[in-house]
Amino acid sequence: ECKGKYMVTMYYYKPELSEKIEREQEIVNEMQTALDENQFVVYYQPKYNLRNELPYGAEALIRWKHPTKGMIMPGAFIPVFEKNGFIGKVDYYMWDKVCQWLRKRMDEGHESIPVSVNVSRVNMYNPNLVSILEDLVKKYDIPPELLNLEITESAYMDSPGVMEKTVMELQEKGFMILMDDFGSGYSSLNTLKNIPVDVLKIDINFMSGVENQRRSECILASIIRMAGWLELPVVMEGVETAEQVDFLKSIGCGYVQGFYYARPMPQNEYEDLINGVRQTPVESISENH
Ligand code: C2E
Ligand code: MG
Ligand code: MG
Ligand code: MG
């Protein structure tokens, strides 16, 4: 049969490619059901202030709790959703869940905690993005300062003008913008020059490189110093060891996020971790770069 023959040829030439297409097709077939059945869940990974070692908010990270395949990590499905446009719905779902949680914390009388959500580069080009986010914080009646937005540095390359305008509009509405994966793209400094973000999140790659460690450390130290001159707070991603913490303290890095302090965890575990623990006050991030 014709179709079968085609598949055989595909396998013969590029088995990994056809497996990839199959996996992607499965994701596409299952994504709407997954959304309808709440299979996507929010994990929270706390950030820490290195000056006092107190928690400072968290990043919300998506997980897919698949009924038969177990836990699927975002790297396996986010790029597929970005390709087929489903990312709009999924990111909104995450933002909504986070706002709902922020509302719940306020109702329970807890201290305010900023939570950052990821905004896919694809959603940066939704002309309704600003009003969607504005409506969302209104719906839950939470201050926009608490819903921080992480935008990957490389999104700037797609269309610098749109990016700059959107970021400034979001800031006008009170949202705080974090430049995610700083240093991973091809025009990091140019992007930093043109996009007036509120916080720099340095790419995990500068922390994990063993081969080029000395070079990574020099670059890190200069990024931190430059951020200081720009009066920008810095969050270092991917901090896994005590040695890394010591080094980051020695070069004046303000904030960290990484397995050394805490892994991403389900909401109830995150609540157990922070309840009764003093947090770094929300305002202090802008005083404390
Ligand atoms: P990201 O936004 O840069 O998130 C940080 C990633 O680093 C997370 O991976 C986190 O688990 C991981 N990480 C944190 N600390 C450490 C550490 O000490 N060592 C190592 N090796 N890794 C650490 P995760 O959760 O797998 O997410 C991967 C990426 O998927 C995220 O990178 C982000 O780009 C994307 N993503 C996650 N959730 C969402 C979402 O809701 N929407 C969108 N659009 N993208 C998301
Ligand atoms: Mg992020
Ligand atoms: Mg990042
Ligand atoms: Mg990253």
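Rule-based calculations on the coordinates, nothing more; no lab input. Everything quoted here is computed from the prediction, not taken from an experiment. Neighbour counts run over all protein chains shown; Cβ positions are idealised from the backbone, glycine included.
Please list, short to long, the whole-number percent of alpha-carbon pairs of segment 122-185 in consecutive 10 angstrom bins beginning at zero.
Pair shares across the bins are 21, 54, 22, 3.
Name the residues whose placed amide hydrogens come within less than 5 Å of the amide hydrogen of Val235, ignoring near sequence neighbours (fewer than 5 apart) on the same chain.
Leu200, Lys201, Ile202
Where both partners of a DSSP beta bridge lie in the chain, what percent of those bridges are antiparallel, to the nearest 5? Could you put the intermediate results ahead of the total?
Values: 15 of 34 bridges.
So the antiparallel bridges amount to about 45 percent of the total.
Taking 0.36 nm per residue of sequence separation and subtracting the Cα-Cα distance, how much length would be gained by fully extending the chain between Glu111 and Arg215, in nm to one decimal?
Details: separation 104, 0.36 × 104 = 37.44 nm, distance 4.02 nm.
Gain on stretching Glu111 to Arg215: 33.4 nm.
Pull out a ≥ b ≥ c, the square roots of the eigenvalues of the alpha-carbon gyration tensor of segment 140-289, then state rounded if a/c is under 1.5, prolate if not and a/b is larger than b/c, and oblate in the remaining case. Please report the intermediate quantities before stating the final value.
On the way: a/c = 1.68, a/b = 1.03, b/c = 1.64.
Oblate, because a/c is 1.5 or more while a/b does not exceed b/c.
Show me, bin by bin at 5 Å from 0, the whole-percent P(r) of segment 49-122 based on Cα pairs.
Pair shares across the bins are 3, 13, 19, 20, 16, 13, 10, 4, 1.
Would you mind putting 127-138, 41-52, 179-190 in packing order, based on average other-beta-carbon counts within 10 Å, highest first? Write out the running numbers ahead of the final one.
Values: 127-138: 15.1, 41-52: 20.0, 179-190: 18.3.
Final packing ranking: 41-52, 179-190, 127-138.
In terms of Cα to Cα distance under 16 Å, which aspartates and glutamates are near enough to Lys173, apart from those fewer than 8 places away along the same chain?
Excluding near neighbours in sequence, the set is Glu134, Asp135, Asp141, Glu145, Glu150, Glu164, Asp198.
Over 5 Å intervals from 0, what percent of Cα-Cα pairs in the chain sits in each interval?
1, 5, 11, 15, 17, 17, 14, 9, 5, 3, 2, 1, 0, 0
Towards the positive end of the charge dipole of the chain, with charges on Cβ (+1 Lys, Arg; -1 Asp, Glu), say which of Ala262, Phe175, Gly75 has the farthest Cα.
Farthest towards the positive end: Gly75.
First check a/c for segment 247-289, with a ≥ b ≥ c the square roots of the eigenvalues of its C-alpha gyration tensor; if it is under 1.5, answer rounded, and if not, answer prolate when a/b is larger than b/c or oblate otherwise.
Details: a/c = 2.87, a/b = 1.45, b/c = 1.98.
Since a/c reaches 1.5 but b/c is at least a/b, the shape of segment 247-289 is classed as oblate.
Between Phe259 and Leu54, what is 0.36 nm times their sequence separation minus the Cα-Cα distance? Round to one decimal in nm. Spell out each step's value before the answer.
On the way: separation 205, 0.36 × 205 = 73.80 nm, distance 1.53 nm.
Here the segment from Phe259 to Leu54 would lengthen by 72.3 nm.
Can you find, among Leu146, Asn49, Val234, the residue sitting farthest towards the positive end of the charge dipole of the chain, where Lys and Arg contribute +1 and Asp and Glu -1 at Cβ?
Val234
Taking H placed 1.01 Å from N in the peptide plane, check which residues at least 5 places from His66 or on another chain put their amide H under 5 Å from its amide H.
Here Met71, Ile72 satisfy the definition.
Could you rank the peptides 245-254, 26-35 by their average count of other C-beta atoms within 10 Å per residue, with the highest value first? Display every interim value, and only then the final one.
Working: 245-254: 17.7, 26-35: 14.9.
Highest mean packing first, the order is 245-254, 26-35.
Which of Lys20/Lys69; Lys201/Lys249; Lys65/Lys139; Lys69/Lys139 have a Cα-Cα distance over 24 Å?
Details: Lys20/Lys69 16 Å; Lys201/Lys249 16 Å; Lys65/Lys139 27 Å; Lys69/Lys139 34 Å.
The pairs that break the limit, which is 24 Å between Cα atoms, are Lys65/Lys139; Lys69/Lys139.
Could you please report the charge total around Glu82, scoring K, R as +1 and D, E as -1 over all other residues with beta-carbon less than 14 angstrom from its beta-carbon? Intermediate results must be reported in sequence, preceding the final value.
Values: positive: Lys83, Lys89, Arg121; negative: Glu24, Asp91, Asp158.
Summing Lys/Arg as +1 and Asp/Glu as -1 gives 0.
Going highest first, how would you order 94-101, 192-199 by mean Cβ packing within 10 Å? Walk me through the numbers on the way to the answer.
Details: 94-101: 19.4, 192-199: 17.4.
Final packing ranking: 94-101, 192-199.
Regarding segment 5-142, what's the average projected area of the Cα-atom convex hull, expressed in nm²? Before the final figure, lay out the partial values.
On the way: hull surface 47.5 nm².
Projected over every direction and averaged, the Cα hull of segment 5-142 covers 11.9 nm².
Tell me, what is the FRET efficiency for Thr241 and Lys89 to the nearest 0.05, using R0 = 51 angstrom and their Cβ-Cβ distance as r?
Values: r = 38 Å, r/R0 = 0.75.
Once rounded, the FRET efficiency stands at 0.85.
Amide H of Glu59: which non-local residues (sequence gap of 5 or more, or other chain) have their own amide H closer than 5 Å, using H built in the peptide plane?
HN-HN under 5 Å from Glu59: Gln45, Lys47, Ser116.
At a Förster distance of 25 Å, what's the computed FRET efficiency of Glu37 paired with Lys173, Cβ-Cβ distance as r, to 0.05?
Working: r = 32 Å, r/R0 = 1.30.
Once rounded, the FRET efficiency stands at 0.15.
Lys83: which aspartates and glutamates have alpha carbons under 12 Å from its alpha carbon, excluding same-chain residues fewer than 8 sequence positions away?
Within the straight-line limit of under 12 Å, Lys83 reaches these aspartates and glutamates: Glu24.
What does the extension gain come out to for Arg103 and Asp141, with contour length at 0.36 nm per residue minus their alpha carbon separation?
Extra length available between Arg103 and Asp141 comes to 12.9 nm.
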